[in-house]
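S.K.: Please find one structure pasted underneath; my questions will follow.
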Amino acid sequence: MKIALVHDYLVQYGGAERVLESFCEMFPDAPIYTLLYDKQAMRGRFSDRTIHTSFLQNLPFARSQHRLFPPLMPMAIEQFDLSKYEVVLSDSSSYAKGVITGPNTLHICYMHTPMRYAWDDCQRYTQEFHFPSLIKKWVPFIMNPIRVWDKASADRPDHIVANSTFVADRIRKYYRRGSTVIHPPVSVRDFRIERDHDAYFLMVGRLIAYKKHDIVIRAFNEMGLALKIIGRGPESKRLKRIAGPTVEFLDRVEDKELAEYYSRCQAFLFPQEEDFGIVAIEALASGRPVLAYRGGDIPRHVVEGQTGLFFDEQNKDSIIQIVREFQKKKFDPQKIRESSLLFDKLVFQEKMEKYIQDVVNKGEDEILDHKELTQF
């Protein structure tokens with residue numbers, strides 16, 4: 001079976017790139033087609049693969065400022081010639097699903113989310129990435145044709161796999177399509193339980209506005225408790241300005257260090273709405289409770305009072321209240337870790353392999369329609 005992998009762009013490392021890494025392990029000879037590839041930003045990841053990029057790769061600033069080029073991305077993704085492949089496996093949160101395949105090529109899309117900045121998060125996207133005022137004025141006009149293209153391109157995959165039930169609901173709303181839910185891979189075996197923990201609380205993730213680092217920082221400033229933040233991003237300078245002496249920014253850390261920080265924290269803060277929430281599952285794999293906003297997909301994976309606690313409003317006072325509540329409770333680290341094992345990378349790969357084989361062998365229109373795969 002000759003297969004190609006298609007990815008939106010390789011300019012930063014996150015949850016989508018972890019999915020791609022798993023696909024690469026499953027299909028070691030499959031080339032990668034992507035709009036942009038920044039080898040330095042990827043820190044050697046995928047350097048052993050054959051990577052095909054679009055014409056955007058040669059445009060000035062495209063790799064460092066890819067968010068300025070949405071009008072060109074539909075054209076760029078459509079120019080890939082995939083005619084020699086039997087199966088195309090795309091993983092997409094924006095453009096990869098829009099590749100054009102021939103009648104004899106099966107296209108399966110692993111969808112991280114419908115294109116957020118074309119639909120429900122258009123206004124937030126404009127504000128959060130601090131575009132120049134001139135560009136902000138043009139965004140509504142630019143988004144209209146992109147939205148039309150996005151809806152049309154969502155019809156191109158033969159089958160869609162959603163990374164969560166939350167995303168499956170959004171796929172149904174915006175694209176009017178069913179999907180199969182297979183949760184993304186978490187390297188559960190890379191994390192461990194520590195008998196003792198330190199006094200700090202932890203946040204991990206890109207420093208962007210929707211992650212709500214600011215409300216956590218203000219809460220910890222007021223409580224005077226230790227908070228460590230791992231990650232980098234466009235909000236870095238602003239967040240460091242408002243942080244008090246008990247808040248420490250650790251930028252990017254190596255994987256072994258990350259596991260150590262997870263295992264030794266008191267609890268993990270997760271104040272944002274996410275399509276899935278890989279970092280929260282990593283905290284669970286480390287036996288640490290998650291203090292999370294009751295939004296997105298994470299309420300389906302954290303059991304209140306057993307593996308974490310929830311709050312209902314994204315503000316400073318809610319953070320203070322949930323931390324105070326946490327300090328009065330005890331949690332079983334082993335039970336917390338056990339809840340994460342369903343998301344292990346090997347489980348993901350087994351589910352995806354079976355799904356792909358079923359589609360290839362049986363050719364069903366939708367093997368499962370908006371249902372979670374739990375048994376094989």
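S.K.: To the nearest 10 degrees, how steep is helix 15-26 against the longest Cα principal axis of the chain, on a 0 to 90 scale?
M.R.: Once rounded, one gets 60 degrees.
S.K.: Please give me, ordered by residue number, the trypsin sites (Lys or Arg not before Pro) of the range 221-320 that lie in loop per DSSP and have at most 12 other Cβ atoms within 10 Å.
M.R.: Arg252
S.K.: Contact order normalised by length for the chain, with contacts defined as Cα pairs under 8 Å and 6 or more residues apart; what percent is it?
M.R.: Dividing the mean separation by the residue count of the chain yields 14 percent.
S.K.: What lysines does Lys316 reach when the alpha-carbon gap must be under 20 Å and sequence neighbours fewer than 8 apart in one chain are set aside?
M.R.: The qualifying lysines are Lys211, Lys212, Lys228, Lys237, Lys240, Lys328.
S.K.: Mind checking which of Pro60, Pro184, Pro271 has the largest fluctuation in a GNM of the chain, springs on alpha carbons under 10 Å?
M.R.: Judging by the Gaussian network model, the answer is Pro60.
S.K.: Rounded to a whole number, what is D in µm²/s for the chain from Stokes-Einstein with the Kirkwood radius over alpha-carbon pairs (25 °C, 0.890 mPa s)?
M.R.: Estimated diffusion coefficient is 114 µm²/s.
S.K.: Report the dimensions of the range 232-376 along its three principal axes from the alpha-carbon atoms, largest first, rounded to Å.
M.R.: Computed over the Cα atoms, the extents are 60, 34, 30 Å.
S.K.: Among Val188, Tyr355, His107, flag the residue with its Cα farthest along the positive direction of the charge dipole of the chain, charges on Cβ as +1 for Lys/Arg and -1 for Asp/Glu.
M.R.: Val188
S.K.: Please give the helix 255-264 orientation as an angle from the longest Cα principal axis of the chain, in degrees from 0 to 90, rounded to the nearest 10.
M.R.: It is inclined by approximately 40 degrees.
S.K.: Any chance you could give the angle, 0 to 90 degrees and rounded to 10, that helix 133-153 forms with the longest Cα principal axis of the chain?
M.R.: Taking Cα atoms only, the helix is inclined about 60 degrees.
S.K.: Provide the FRET efficiency to the nearest 0.05 for the Lys84-Arg176 pair, computing r from the beta carbons and using R0 = 45 Å.
M.R.: 0.90
S.K.: On a 24 Å Cα-Cα criterion, which of the cross-link pairs Lys39/Lys351; Lys97/Lys256; Lys97/Lys173 come out too long?
M.R.: Lys39/Lys351; Lys97/Lys256
S.K.: Taking each pair of distinct Cα atoms in the range 10-57 once, what is the resulting Kirkwood hydrodynamic radius in Å?
M.R.: The answer is 11.0 Å.
S.K.: Using the Cα centre of the chain as the reference point, and only Cβ charges (+1 on K/R, -1 on D/E), how large is the resulting charge dipole? Debye, rounded to the nearest 20.
M.R.: In debye, rounded to 20, the chain gives about 1020.
S.K.: Based on the Cα coordinates of the range 1-120, what is the per residue volume of their convex hull in Å³?
M.R.: That works out to 104 Å³ per residue.
S.K.: Scan the range 254-285 for GluC sites (Glu not before Pro) in coil per DSSP, keeping those whose Cβ has at most 14 other Cβ atoms within 10 Å, and list them by number.
M.R.: Hits after loop and neighbour filter: Glu254.
S.K.: Rank these residues by their accessible area, most exposed first, probe 1.4 Å: Tyr13, Tyr95, Tyr293.
M.R.: Tyr13, Tyr293, Tyr95
S.K.: Rg and Dmax of the range 190-289, using alpha carbons, in Å: what are they?
M.R.: 12.7, 36
S.K.: Related question: With every protein chain in place, what's the accessible area of His159 (1.4 Å probe, Å², nearest 10)?
M.R.: Surface accessible to solvent at His159 totals approximately 10 Å².
The values are calculated or read from the model by the stated rules, or taken from the named source; none is laboratory data. Every value quoted in this text rests on a predicted model; they were computed, and no experiment measured them. With ideal geometry, Cβ positions are generated from the backbone for all residues, glycine too; neighbour counts draw on all protein chains shown. In case anyone asks, the SASA skips ligands and DNA or RNA and just uses the protein heavy atoms, side chains included. Shrake-Rupley method; radii C 1.70, N 1.55, O 1.52, S 1.80 Å.
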